[in-house]
Amino acid sequence: MTDSFYVQALDLACGAFLLTGVLVLWRRDLAAFVWLFGLQGFALGALIVVRGLHEGSAELTALGAGVGLLRGVLLPYLMRSAPAAGEEGRETHPRVSVAASLLVAAVLTMLAYAVSQPLVRLTPTPETQAVPIALTVLLVGFFVLVTRRRALSQVVGFLLMDNAITAAAFLTTSGVPLVVELGVSLDVLLAVLVLQVLTTRMRAAFGGTDLDELRELHD
């Protein structure tokens, strides 16, 4: 793989990674959240595969393919099968409107680029120049986590943050060891399985998974 083609492929994967994260703020239906998370999982896997091919690392390439399948296929499938995914179909009353959320995303993007500039100037490589994208997705994921009411929406925010941390690890180093990535992926898989159990019980007991409504019941 030539250097110019590598940079173009890396930029394309990072662009798709960022776009899917921002689009989560634009959509309100829960099915779209899961669909966009799946696309981001494929983008993350592509990012790792591209770097693996460029470095001639079969282990890194295989790990990227595994990450893409896990986060682009398996986790979205489990999330779609969760009871909360079909409930009311959308995030009806987010704490921040769609327009305001997109403006916040723009501010978070500028903040991420400003904060990461020392690292980029320290080692100006194609990988480190893409670190602001991972940091932006991390901030967007946290914003989704604190501004959405549905349990599934908040889980998607958490998973966006996890994807961003993984992307940053592969952009700033030659990748994390395989056993570490497998351990993290299993933890994420366990979190999604716990989501299924909790949403089933919440829906059976309270008839919904709107966390604000559940707090009102507690009060």
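The values are calculated or read from the model by the stated rules, or taken from the named source; none is laboratory data. Just so it is clear, the structure is predicted and the values come from calculations on it, not from any experiment. Quick reminder, even Gly has a Cβ in these numbers, built from the backbone with ideal geometry, and neighbours come from all protein chains shown.
Here are a few things to note about the model shown:
- Residue in the range 2-17 that is farther than 19 Å from I165 by Cα, at pLDDT 85 or above, surrounded by fewer than 17 Cβ atoms within 10 Å (Cβ to Cβ) and small (G, A, S) present: yes
- Whichever residue in the range 84-139 is small (G, A, S) and assigned to a loop (DSSP other than H, G, I, E, B) and, among such residues, is modelled with the highest pLDDT: S97
- Within the range 16-35, being without any contact (Cβ under 8 Å) to a residue 40 or more places away in the chain and not hydroxyl-bearing (S, T, Y) holds for A16, L19, L23, R27, A32.
- Number of the condition not met by H54 [criteria: (1) surrounded by fewer than 22 Cβ atoms within 10 Å (Cβ to Cβ); (2) of a type outside the set (A, V, I, L, M); (3) at pLDDT 90 or above]: (3)
- Exactly one residue among G52, G41, G21, G15 is assigned to a helix (DSSP H, G or I), within 17 Å of the chain's Cα centre (by Cα) and either over 19 Å from F158 (Cβ atoms) or among the hydroxyl-bearing types (S, T, Y) (or both), and that residue is G15.
- Identity of the residue in the range 24-38, over 11 Å from the mean Cα position of the chain (by Cα) and in a helix (DSSP H, G or I), that ends up surrounded by the fewest Cβ atoms within 10 Å (Cβ to Cβ): W26
- Considering A16, A46, A32, the condition of being under 20 Å from A58 (Cα atoms), in contact with a helix residue (DSSP H, G or I) (Cβ under 9 Å, 6 or more places away or on another chain) and among the aliphatic types (A, V, I, L, M) is satisfied by A46 alone.
- Under the condition of being charged (D, E, K, R) and surrounded by fewer than 24 Cβ atoms within 10 Å (Cβ to Cβ), the residues counted in the range 115-151 number 3.
- When the criteria are applied in full, F5 fails the requirement of being closer than 27 Å to P94 by Cα and among the hydrophobic types (A, V, I, L, M, F, W, C).
- Hits in the range 32-65 (condition: of a type in the set (D, E, K, R) and over 21 Å from G21 (Cβ atoms)): E55, E59
- Only a single item in (1) within 23 Å of L23 (Cα to Cα); (2) at pLDDT 85 or above; (3) surrounded by fewer than 21 Cβ atoms within 10 Å (Cβ to Cβ) is not met by Q154, and it is number (2).
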